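Inspection log for the structure reproduced underneath, given as structure tokens.
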Amino acid sequence: MDGPRVVDLVEHLRSRGVGVWLDGGWAVDSLLGEQTRPHDDLDVVVPLEDCPRLVAALAAHGYAVARGGPPQSFELVDAEGHQVDVHPFARTPTGDGVYRLENGGDWIYPAAGFAGAGRVEGRAVPCLTPEVVLVNHSTGYALDAAHRRDVEALAARYGLPLPAFETA
């Protein structure tokens with residue numbers, strides 16, 4: 001998944017009325033303002049009610065649902081193997097986002113976490129804030145060297161405390 005494709009997909013989704021925020025590795029790189037490593041996929045956070053529009057919009061770009069489905073995470077893949085991982089959330093009255101984990105638990109995106117702004121290929125893209133990306137990128141799984149570098153670079157750039165994490 002390269003930078004120009006990320007920008008194209010985000011702009012395409014937004015032009016179709018889909019609320020979308022980058023998460024994962026591309027969120028890290030957008031917040032750092034440069035691509036620091038290759039990415040296998042694009043992780044996005046999307047309001048649950050926008051999922052049908054997202055699926056239709058990505059179908060127009062050759063993507064089809066390959067695994068999962070709302071209200072939990074799902075993946076769309078095109079014929080070339082480009083993958084978009086979607087994390088749908090339901091909004092609460094306070095503006096927080098509630099994402100239903102596969103184990104049935106809830107992951108909370110704080111309302112303030114949707115205020116992130118990054119850059120990919122010099123273009124502004126919506127992403128989660130550095131604080132939220134840091135937590136999302138370092139919680140729940142062991143980090144390999146590339147993901148550990150992501151976490152360390154993001155924490156250093158924004159003066160955030162380095163979270164405790166497992167290494168792979």
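Restricting attention to region 29-55, the residues being farther than 18 Å from PRO4 by Cβ and part of a helix (DSSP H, G or I) number 9.
Does ALA66 satisfy the condition of being in contact (Cβ under 8 Å) with a residue 12 or more places away in the chain, closer than 24 Å to ASP150 by Cα and in contact with an Asp or Glu (Cβ under 9 Å, 6 or more places away or on another chain)? No; evaluated as a whole, the condition is false for this residue.
Scanning region 39-55 for residues that are at pLDDT 95 or above and over 20 Å from ASP96 (Cα atoms) gives ASP41, LEU42, PRO52, ARG53, LEU54, VAL55. Within region 89-144, the set of residues being among the small types (Gly, Ala, Ser), assigned to a loop (DSSP other than H, G, I, E, B) and more than 15 Å from VAL46 (Cα to Cα) comprises GLY104, GLY105, GLY122, GLY140, ALA142.
Once region 145-168 is narrowed to residues that are part of a loop (DSSP other than H, G, I, E, B) and of a type outside the set (Gly, Ala, Ser), the residue that is farthest from GLU34 (Cα to Cα) is GLU166. Of all the listed residues (GLY24, GLY104, GLY113), the sole one being surrounded by fewer than 18 Cβ atoms within 10 Å (Cβ to Cβ) and either under 29 Å from ALA145 (Cα atoms) or out of contact with any strand residue (DSSP E or B) (no Cβ under 6 Å at 6 or more places or on another chain) (or both) is GLY104.
Scanning region 56-72 for residues that are more than 19 Å from GLY17 (Cβ to Cβ), at pLDDT 95 or above and either of a type in the set (D, E, K, R) or assigned to a loop (DSSP other than H, G, I, E, B) (or both) yields GLY62, ARG67.
Residues checked against (1) at pLDDT below 95; (2) closer than 18 Å to SER30 by Cβ; (3) β-branched (Val, Ile, Thr); (4) surrounded by fewer than 15 Cβ atoms within 10 Å (Cβ to Cβ):
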residue	(1), (2), (3), (4)
ALA79	no, no, no, yes
VAL86	no, yes, yes, no
PRO93	no, no, no, yes
PRO126	no, yes, no, no
VAL133	yes, yes, yes, no
ARG148	yes, no, no, no
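If the condition is being at pLDDT 85 or above, among the hydrophobic types (A, V, I, L, M, F, W, C) and loosely packed, with under 13 Cβ neighbours inside 10 Å, then region 150-168 contributes only ALA156.
The values are calculated or read from the model by the stated rules, or taken from the named source; none is laboratory data. Quantities reported herein were computed from a predicted structural model and do not represent experimental measurements. Don't worry about glycine lacking a Cβ; one is built from the backbone with ideal geometry, like all the others, and counts go over all protein chains shown.
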